[in-house]
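The values are calculated or read from the model by the stated rules, or taken from the named source; none is laboratory data. This one's a predicted model, so the numbers in the text were calculated from it and none came from an experiment. Quick reminder, even Gly has a Cβ in these numbers, built from the backbone with ideal geometry, and neighbours come from all protein chains shown.
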Amino acid sequence: MCQAEIAGTGSYLPETILTNFDLEKKLNTSDEWIRTRTGIVERRIAGKEESSSVLAAHAARKALESANIKPEEVDIIIVCTSTPDILFPSTACFVQKEIGATRSAAFDISAVCSGFVYGLSIAEQYIKSGRYRNVLVIGSEVNSRIVDWTDRSTCILFGDGAGAVVLKRKESTESCGLLSSHIYSDGNLSSLIEVPKAIGRSNGLGDNDNPDKFHIRMSGNATFKVAVKRMTEVCLEALEYNGLSKEDVDLIVPHQANQRIIDAVLKKLEISSEKVFINIHKYGNTSAASIPIALDEAKRAGRIQPGCLMLVMVVGAGLTWGAAVVRW
Ligand code: UT7
């Protein structure tokens, strides 16, 4: 049977750090408010020359190196981003060129913060069907380009970065690697978080004159509530699907949007906070990059050992949400 193992991980964070204290100087906010309401202390900001493809290529090279796989062995590159370099070609094509993955197909997917779990789910199907051997799944974002730096309710939340994994085919009769992925959307909740700039809508040309449309708008409080509900549900579904209980979980790697959302889900799941990996204090919400960055850091910090059962959970604009279960 074909199993999909995570053979390598990598991440890349821009050098520039923007702290809560820096934001205090520009906005009517405080380190204390941001820290207690979100858990965020600082975030990274991409340099002028650092687009999503640039960050993604750095993370991809590290993931390939840790998987001991050459770029020309990659079959598909999936870049999960809502901040692509340009409208088209896809950011994945730029990454392909940059890393020299000469044999691969490359495409982007758009599921905002849930992008990486959606990407994993696509890669899982290609590998378990036996069609492909090595799939590179990358989450990469330059959120700093689309936040409204005058809106204290959103700009304090987001940061830039990239994370990548190599999903590799492994022949085994035992279930291992990515055991299952579970993805959902509810388009009725599309207005909760959006960047309303029109591209294909007929009034798009008028909208393009209004720079305000090119910023993240979010109903934070409503998103918070639905995030807790949906992530709890999908985690329980993912465990049940695999015949596992909460006690079997060794590590949770959640989307890092808000420490309080993570705490609320853990409380509902009755899972100890000791089992969760957190890096939100350093990077804020890096959207599709959040989970693969955390995965890479958890791996390099020794939090992931062979046999470890890991649960990944996410929610994002769309509304989209999902979970994945991995046996390392
Ligand atoms: O990754 C995709 C999904 N996104 C999320 O999961 C984000 C979900 N939402 C959240 O994380 C939280 O809702 C926020 C962190 C965005 C906001 O926290 P909250 O506890 O829901 O605050 P709130 O929106 O209810 O606002 C409370 C107060 C308001 O003032 P009043 O009306 O009570 O006087 C806000 O104006 O806090 C005020 N406020 C701030 N004050 C200082 C909002 N932003 C700030 C700020 N600094 N940066």
Restricting to the stretch 176-198, what's the tally of residues that are within 13 Å of the ligand (Cβ to nearest atom) and assigned to a helix (DSSP H, G or I)?
1
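Let's see how each residue does on (1) touching a Ser or Thr at 6+ places or on another chain (Cβ under 6 Å); (2) surrounded by fewer than 22 Cβ atoms within 10 Å (Cβ to Cβ):
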| position | (1), (2) |
| --- | --- |
| L64 | no, no |
| I69 | no, yes |
| P84 | yes, yes |
| K97 | no, yes |
| C113 | yes, no |
| G119 | no, no |
Starting from the stretch 277-294, keep only residues that are closer than 9 Å to G159 by Cα, then list their pairs with residues that are of a type in the set (D, E, K, R) whose Cβ atoms are within a distance under 7 Å, requiring at least 6 positions of separation or different chains.
Y283/R43; Y283/R44; G284/R43; T286/E141; T286/D160; S287/E141
Take the conditions part of a helix (DSSP H, G or I), assigned by TED's automatic domain parsing to the domain that holds E32 and not polar (S, T, N, Q) and apply them to I122. Does it pass?
yes
Only one residue in V137, V142, V112 is in contact with a Leu (Cβ under 8 Å, 6 or more places away or on another chain) and within 16 Å of the ligand (Cβ to nearest atom). Which one?
V142
Checklist (1) within 14 Å of the ligand (Cβ to nearest atom); (2) assigned to a helix (DSSP H, G or I); (3) of a type in the set (S, T, Y) applied to S53, failing item
(1)
Cross-chain or 6+ apart pairs with Cβ under 7 Å, the stretch 44-57 first and under 16 Å from G115 (Cβ atoms), then modelled with pLDDT under 95 and crowded, with 23+ Cβ neighbours inside 10 Å:
none
Can you say whether S129 is more than 15 Å from the ligand (Cβ to nearest atom) and touching a residue at least 12 places away in the same chain (Cβ under 8 Å), as far as the supplied structure shows?
yes
Out of (1) within 30 Å of N143 (Cα to Cα); (2) buried (at least 20 other Cβ atoms within 10 Å of the Cβ), what's the single condition that is false for V249?
(1)
So R35, is it crowded, with 20+ Cβ neighbours inside 10 Å and among the basic types (K, R)
no
